[in-house]
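Below: the structure, in structure tokens.
Laboratory data are not the source of any read-out in this text; all were calculated from the coordinates shown. Only a predicted model underlies this, so the values are computations on that prediction, with no experimental measurement involved. A quick note on method: Cβ atoms are made from the backbone with ideal geometry, for glycine too, and the neighbour counts reach across all protein chains shown.
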């Protein structure tokens with residue numbers, strides 16, 4: 001599908017204007033658009049739990065631009081928990097480096113023993129919607145913005161994970 | 001006097017309609033049905049591959065099969081036999097509509113040529129002996145040649161509605177499965 005059309009479709013989904021109340025996501029380039037649209041439409045908080053912190057998704061030019069734009073508002077907060085990514089990869093990861101330069105974007109690492117038990121990954125936009133991968137080894141995800149109870153539970157669980165995750169210094 | 005020249009205006013219309021049916025892209029209904037399936041799929045997924053996780057399941061095969069119609073690539077086999085609309089769909093997948101149109105066009109050209117020949121006094125013996133009983137058959141045949149592309153258009157329109165509804169329903173079912181999988185995975189989260 002035309003990516004620009006897809007971008008509009010995700011915007012419609014976020015704003016409750018789409019015919020289907022969900023989007024099934026199966027490719028990295030489309031996942032990047034979803035994340036970018038979430039940042040573009042978020043009001044106060046973005047939460048991201050990502051195993052590999054896949055650069056195709058999270059270091060995409062448009063995503064970085066929206067993260068920067070979102071973070072330019074000091075009342076916003078972006079929390080990113082990563083799991084299985086080496087320091088070497090992190091040192092050249094553009095979003096990790098951007099986070100290092102922005103006070104309200106923080107990256108933490110989930111302890112390995114917890115990471116091994118968490119089989120899913122997800123992103124939560126405010127407490128309004130989510131992109132959820134039920135198997136973190138795959139990119140397949142469901143995106144919804146009409147499921148407040150699940151969204152809130154996911155956000156609250158993220159906050160619990162955040163508390164036990166370790167702050168990291170981005171290697172130079 | 002030959003009655004064939006009297007049919008010429010009708011045959012002319014039939015010729016134009018059938019030629020349009022064969023060559024104007026708007027009438028390429030197989031592609032249209034495939035495009036409708038793809039558009040419906042894109043309303044709930046980013047690509048047909050998202051359903052690949054469930055490939056092998058008949059409804060997914062059918063969605064992929066329908067999306068491949070008119071693209072020149074062969075989609076997976078699927079069993080749509082429980083759907084009423086799967087039968088008229090074969091009119092398009094087996095190219096029966098195009099064959100009918102080609103036959104109609106050939107018949108019309110033949111009739112037009114004979115009609116002109118009769119008008120200028122040639123081949124008077126060819127088809128000249130049409131009895132009163134036979135006249136209406138030729139008229140009906142000519143009418144069918146004109147109407148058949150219009151009937152095909154109506155069938156194709158109905159099929160597009162059915163195909164869209166089928167794809168949206170199937171994608172919706174898999175979204176429910178994905179949502180259930182997400183809830184299950186989240187339900188199995190470790191306590192912190």
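Once the Cβ-Cβ distance between residue A:2 and residue A:101 is put in as r, and R0 is 25 Å, what FRET efficiency do you end up with, to the nearest 0.05?
Calculated transfer efficiency: 0.15.
For the stretch A:3-167, what relative contact order do you get, as a whole percent, if you take Cα pairs closer than 8 Å and at least 6 residues apart?
26
Using only Cα atoms and rounding to the nearest 10 degrees, what angle (0 to 90) does helix A:61-71 make with the longest principal axis of chain A?
80
Using the basic label-point model (7 angstrom from Cα toward the beta carbon), what is the residue A:152 to residue B:135 distance in nanometres?
Here the answer is 8.2 nm between the modelled labels.
Identify which of B:42, B:125, B:20 has the largest mean-square fluctuation in a Gaussian network model of chain B, with springs joining Cα atoms closer than 10 Å.
B:125
Exposure proxy check: B:123, B:23 ranked by fewest other beta carbons within 10 Å?
B:23, B:123
Could you give the C-alpha radius of gyration of the protein assembly as shown expressed as a fraction of 2.2 N^0.38 Å, taking N as the number of residues it contains?
My calculation over the Cα atoms of the protein assembly as shown gives 1.45.
Please report, in cubic angstrom per residue, the volume enclosed by the convex hull of the alpha-carbon atoms of the stretch B:2-106.
Taking the convex hull of the Cα positions in the stretch B:2-106, it is 121 Å³ per residue.
Which whole number gives the average count of other chain Cβ atoms within 10 Å of the Cβ atoms across peptide B:184-191?
Mean inter-chain Cβ contacts per residue within 10 Å come to 6.
How crowded by other chains is A:118-125, given as the mean number of beta carbons from other chains within 10 Å of each beta carbon?
Per residue, the number of nearby Cβ atoms from other chains is 3 on average.
Where does helix B:132-187 land angle-wise versus the long Cα axis of chain B, in degrees 0 to 90, nearest 10?
Orientation of helix B:132-187: about 0 degrees from the principal axis.
Can you give the Rg to Rh ratio for chain B, taking only C-alpha atoms and Rh from Kirkwood?
That ratio is 1.24, to two decimals.
Nearest 5 percent is fine: what portion of the DSSP beta bridges confined to the protein assembly as shown is antiparallel?
If we restrict to bridges inside the protein assembly as shown, about 60 percent are antiparallel.
Roughly how many nanometres apart are two label points built 7 Å out from the Cα toward the Cβ at residue B:119 and residue B:95?
3.4
Label 7 Å along Cα→Cβ of residue B:169; the stretch B:90-104 residues with amide nitrogen under 18 Å?
B:90
For the residue pair residue B:147 and residue B:161, what label-to-label distance in nm results when each label sits 7 Å from Cα along the Cα-to-beta-carbon direction?
Simple spin-label model gives 2.1 nm for this pair.
How far is helix A:28-41 tilted off the main Cα axis of chain A, in degrees rounded to 10, range 0 to 90?
Roughly 80 degrees, rounded to the nearest 10.
Sort A:82-92, B:25-35 by packing, meaning the average of other beta carbons within 10 Å per residue, with the highest value first.
The most tightly packed comes first, giving B:25-35, A:82-92.
Quantify how strongly other chains surround peptide A:21-32 by giving the mean number of their Cβ atoms within 10 Å of each of its Cβ atoms.
Mean shielding count: 5.
Counting other C-beta atoms within 10 Å, which of A:17, A:128, A:47 has the fewest, and how do the rest follow?
Lowest count first: A:17, A:128, A:47.
What 222 nm value per residue comes from the helices of chain B, counting each DSSP H run with n ≥ 4 as -39,500 (n - 2.57) and dividing by all residues, nearest 500 deg cm²/dmol?
-23500 deg cm²/dmol
Largest first and to the nearest Å, give the Cα extent of the stretch B:68-128 along each principal axis.
Ordered largest first, the stretch B:68-128 gives principal extents of 57, 24, 11 Å.
Kirkwood hydrodynamic radius of the stretch A:3-167 from all distinct Cα pairs, in Å?
Evaluated over the stretch A:3-167, this radius sits at 15.7 Å.
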